[in-house]
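What follows draws every value from the coordinates through simple rules; no lab data is involved. Note that this is a predicted model, so its numbers are computed, not measured. Here Cβ is always computed from backbone atoms with ideal geometry, including for glycine, and neighbour counts include all displayed protein chains.
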Amino acid sequence: MKTSTRYIIGIIAAAAVAMAVLCVYTICTAFVPGDYTISDANPVRIELQPFKRVDIRTVNPQLAHIRPYKFKGVVIEESDSVTVPELRTSLDWSRIITPEVKDSTLTLTFDFQVLSDTLNIPEDTYFFIKCATEKPVKLLVPRRTVKEASTNQYNIYFDKFDGGTITADVFRADTYAGDYGIYKYYDRYPGWLMVNEGRLDTIICTSPLEGLRLYKATVGEAHVPMSDIHFTVVSKQPGDSVRRLFVSPVDSIYKSGELDLQKARIGTLYMPPRDSVNFTLNLSINRPIDIRSASAGAETED
């Protein structure tokens with residue numbers, strides 16, 4: 001074969017490879033979703049009427065891609081510096097959130113579809129929403145005013161509390177449910193409750209948790225119903241602890257549960273009396289722990 005012929009074949013082959021690469025790049029970039037970052041600039045402070053309960057709700061939860069990436073949830077912070085509750089966030093976030101106080105209950109409604117409408121994004125277009133900061137929404141409340149809280153955003157934070165009792169319902173809402181082979185899907189998936197830089201006398205959970213995390217915080221008592229979801233307690237600092245942890249099945253459907261205390265400091269773990277419920281607890285620990293029957297809980301106040 002002549003040198004010129006080999007040269008021409010080489011050029012044609014290189015052109016074919018370049019064309020193939022260009023086609024792949026064009027196809028891939030055509031399906032790359034756009035993104036929008038919710039800014040934390042332009043701080044906004046909104047004074048609210050007094051309330052005892054907080055309900056945090058995201059509407060349109062079926063539009064999973066419209067939920068913001070890395071959004072950690074709402075922070076409820078106790079403070080001596082306020083006499084009436086305040087919502088502190090940014091201008092961008094204030095367009096998404098609607099606060100309403102009625103019958104001593106604050107409802108915070110998050111509608112991320114507002115962004116899709118504002119940006120004129122076609123309904124079938126996939127795009128990412130990002131957060132400039134992970135915890136951009138804070139409720140600043142006077143001491144000992146908030147007694148109950150619920151959220152369908154998976155995480156909730158109680159910061160700088162100085163005692164008191166909180167009744168909580170923490171979960172993530174999904175629109176699909178069922179059992180597909182090895183994968184299970186839940187319309188209500190348990191979430192995480194975080195206590196930071198403070199203390200709570202008692203936490204009463206009305207539904208199962210996936211996790212309870214403490215950071216520079218202590219809890220006197222925690223009452224958590226369990227399902228088949230793995231429940232974890234995490235102490236981030238050496239002094240973080242739960243003095244008394246009470247666990248029990250959320251209902252008779254669940255015969256066993258998994259409790260991970262390997263990263264936790266628990267004073268006493270209280271289980272349901274053996275003759276009261278048929279429930280097996282798979283417990284993971286890495287240090288000795290005092291385990292008692294829940295019926296003895298009232299006798300151990302010291």
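Percent of C-alpha pairs per 10 Å bin in the stretch 197-302, short distances first: 15, 51, 31, 3. The ranking of S227, S81 by Cβ neighbour count inside 10 Å, starting from the fewest, reads S81, S227.
Listed by Cβ neighbour count within 10 Å, with the fewest neighbours leading, V84, V170 appear as V84, V170.
The ranking of Y36, Y69, Y154 by Cβ neighbour count inside 10 Å, starting from the fewest, reads Y69, Y36, Y154. Each of S81 and N278 was given a label point 7 Å from its Cα along the Cα-to-Cβ line. The distance between the two points is 5.6 nm. Taking packing as the residue-averaged number of other Cβ atoms within 10 angstrom, the listed peptides 46-58, 97-109 run from highest to lowest as 46-58, 97-109. Projected over all directions and averaged, the alpha-carbon convex hull of the stretch 35-150 occupies 7.2 nm². In plain terms, the chain from S207 to V114 could stretch by 30.5 nm, reckoned as 0.36 nm per residue minus the Cα-Cα distance.
What is the calculated FRET efficiency for F128 to R287, with r their C-beta to C-beta distance and R₀ = 41 Å, to the nearest 0.05? Once the sixth-power term is evaluated, E becomes 0.45. Highest average first, the peptides 278-290, 196-208 ordered by how many other beta carbon atoms sit within 10 Å of their residues are 196-208, 278-290.
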